[in-house]
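These notes concern the structure reproduced below.
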Amino acid sequence: MFQAVLAQRMRRVRPSPTAEISDKVRALTAAGQSVINLGEGELDFPTPAHIAQAGIDAINAGETKYTAVPGSARLKQSIIDKFSRENGLIYNAGEVIAGAGAKQLIFNALMATLNAGDEVIVPAPYWVSYPDMVSLAEGETRIVQCHESDGWKLQPQALEAAITPRTRWVLLNSPNNPTGAVYSEDEIKALTDVLLRHEHVLVLADDIYEHTRYGRAFFTPAQVEPLLRPRTLTVNGLSKAFSMTGWRIGYAGGPKWLIDALQVLQSQSTSNPSSISQAAAIAALDGGTAFIEDWIGRLAERRDQVLDSIGRIAGLECAMPEGAFYLFVNCQGMYGKQRPDGKLIADDFDFASYLLDAAKVGTVHGSAFGAPGYLRIAYAVDDQVLGDACQRLEQACAQLK
Ligand SMILES: Cc1ncc(COP(=O)(O)O)c(C=O)c1O
């Protein structure tokens, strides 16, 4: 009889906890329950019409064939222009690549550079996928814990202490998922000063939330410290800035040797990102970001609505985030409380489970991001739905003893 046997590498990876929560929410919804998902990292706004139209036009014009693996020359030019215009980073066509999301580019960068046992510094709280990607590439994640008292930002001394001769990469993510922390120019400079002293370390700047900020300026490491540019991969994408998560377009700029390697991996796995999405991406990158101001205003209102609710719930605390569209809520005050069914809440996972069971609201426990004791609430959902979710959260928490 056939026996299912998976490769050993599958032991090194778990399904993404955020995708798991979304699957759970979908299953409950399919079973007829009214569940609100505040666990998903995406904006509810439709992709702007001029961008969607560019995709439709591409289909109608027959742009439905293979393109160059790293993206069409036209898209590469839009990426080059974006980096130059918005980040002061000058790349040539051999130094940029487009892929199926920032996720693919980060994954491929690790696959292309890590040997067994190489270390990758990941500040916690981190995006859930980083450690698993490092494991799949046979690397070792070296987590550096950041603290709420430091605004959740990696401190230069902590970075310095984590670097060893085996360190291959440090992953920096600002604005941060899940905390919303946005590093200032000085805060990035303090980190790049440390990195300048360690010439064997590569820098991966995950700038995917660049455009979602509340009054903070944006800086990326290669811009703040041009001397690091030859060993920095600056990763960005359209998912969050343009509400295009489903279109799957990310892009990166970096040294040619690394971009070449990403291209080789892509050529033997997924080839070019969707030609239709590439056409939409050109319209997005060339079309300006004026509409984002309106989005930020609406997101700020939603953020405040949830913060107000949290303020009314004894046992929860949350600082004002600087960017992204998440609240990272301290839920340690809920530990030891009893649910109406008699079960005790012992940790952040128990609390998130209670919210799903009792309030039918999906959130993600902080442990999934390397920060036990917290809960991530993604508030980029429809205003009315969010209002309903807040009411449900308040009611469910009021039932805890
Ligand atoms: C920090 C971070 N990086 C990268 C990604 C992946 O984005 P993409 O949709 O471009 O693959 C996400 C998505 O949630 C993210 O939160």
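The values are calculated or read from the model by the stated rules, or taken from the named source; none is laboratory data. Since we're looking at a predicted model, the values are computed, not measured. Ideal geometry is used to build each Cβ from the backbone, glycine not excepted, and the neighbour counts take in all protein chains shown. Side chains included, ligands, DNA and RNA excluded: accessible areas come from the protein's heavy atoms. Shrake-Rupley method; radii C 1.70, N 1.55, O 1.52, S 1.80 Å.
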Against the longest principal axis of the chain, how steep is helix 49-60, in degrees 0 to 90 to the nearest 10, with axes from Cα atoms? 50
Quick one: what Rg and Dmax do you get for the range 49-286 from the alpha carbons, in Å? 17.3, 56
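Just to make sure I understand: if all protein chains stay in place, what is the order of THR64, THR245, THR167 by accessible area at 1.4 Å, largest first? List each step's numbers first, then the result.
Details: THR64 70, THR245 35, THR167 5 Å².
Descending order: THR64, THR245, THR167.
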In the neighborhood of ARG74, defined by Cβ-to-Cβ distances under 12 Å, what is the net charge if each Lys or Arg adds +1 and each Asp or Glu adds -1? -2
Excluding ligands and nucleic acids, what accessible area in Å² is computed for LYS360 using a 1.4 Å probe, to the nearest 10? 50
Starting from the 7 Å offset along Cα-to-Cβ, what nm value, one decimal, do you get for the label separation of ALA49 and THR289? 2.4
Positive-end residue, the chain charge dipole about Cα centroid, Cβ charges, pick of ILE36, ILE377, ILE121: ILE121
A 23 angstrom limit on the alpha carbon distance is what I want to check against. Which of LYS153/LYS189; LYS76/LYS189; LYS153/LYS256; LYS189/LYS240 exceed it? LYS76/LYS189; LYS153/LYS256; LYS189/LYS240
Where TRP169, TRP127 fall by accessible area, highest first, once all protein chains stay in place (1.4 Å): TRP127, TRP169
Could you compute how much accessible surface VAL13 exposes when probed at 1.4 Å, giving the result in Å² to the nearest 10? 40
At a probe size of 1.4 Å, how large is the accessible area of LEU344, to the nearest 10 Å²? 110
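Please give me the summed charge of the neighbours of GLN33: other residues whose Cβ is under 13 Å from its Cβ, Lys and Arg +1, Asp and Glu -1. Walk me through the numbers on the way to the answer.
On the way: positive: LYS24, ARG26, LYS360, ARG392; negative: ASP357.
Within the 13 Å Cβ shell, the charges total +3.
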How far apart, in nanometres, would the label points at GLN332 and ALA346 be if each is projected 7 angstrom from Cα along the Cα-to-Cβ direction? 1.9
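Dipole magnitude of the chain about its Cα centre, charges +1 at Lys/Arg Cβ and -1 at Asp/Glu Cβ only, in debye to the nearest 20?
Values: 36 positive and 45 negative charges, 174 e Å.
Dipole magnitude for the chain comes out near 840 debye.
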Take the alpha carbon atoms of the range 325-390, find their center, do the same for the range 223-286, and report the distance between the two centers in whole angstrom. 34
At R0 = 45 Å, FRET efficiency that the Cβ-Cβ distance of HIS198 and SER269 yields, to 0.05: 0.90
Between GLU185 and ARG26, what FRET efficiency follows from the Cβ-Cβ distance if R0 is 56 Å, with the result rounded to 0.05? 0.85
Please say if the range 189-321 is rounded, prolate or oblate, where rounded means a/c under 1.5 for a ≥ b ≥ c the square roots of the C-alpha gyration tensor eigenvalues, and otherwise the choice is prolate for a/b larger than b/c and oblate otherwise? oblate
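In terms of the Cα gyration tensor, with a ≥ b ≥ c the square roots of its eigenvalues, is the range 207-270 rounded because a/c is under 1.5, prolate because a/b exceeds b/c, or oblate? Intermediate values should be presented prior to the final figure.
Values: a/c = 5.39, a/b = 1.15, b/c = 4.69.
It comes out oblate by the Cα gyration axes.
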Give the residues of the range 34-48 whose amide nitrogen is closer than 12 Å to a point set 7 Å from the Cα of GLN395 in the direction of its Cβ. 34
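How many Å² of accessible area per residue for the range 49-286, probe 1.4 Å? Display every interim value, and only then the final one.
Details: 8810 Å² over 238 residues.
Ligands and nucleic acids excluded, the result is 37 Å² per residue.
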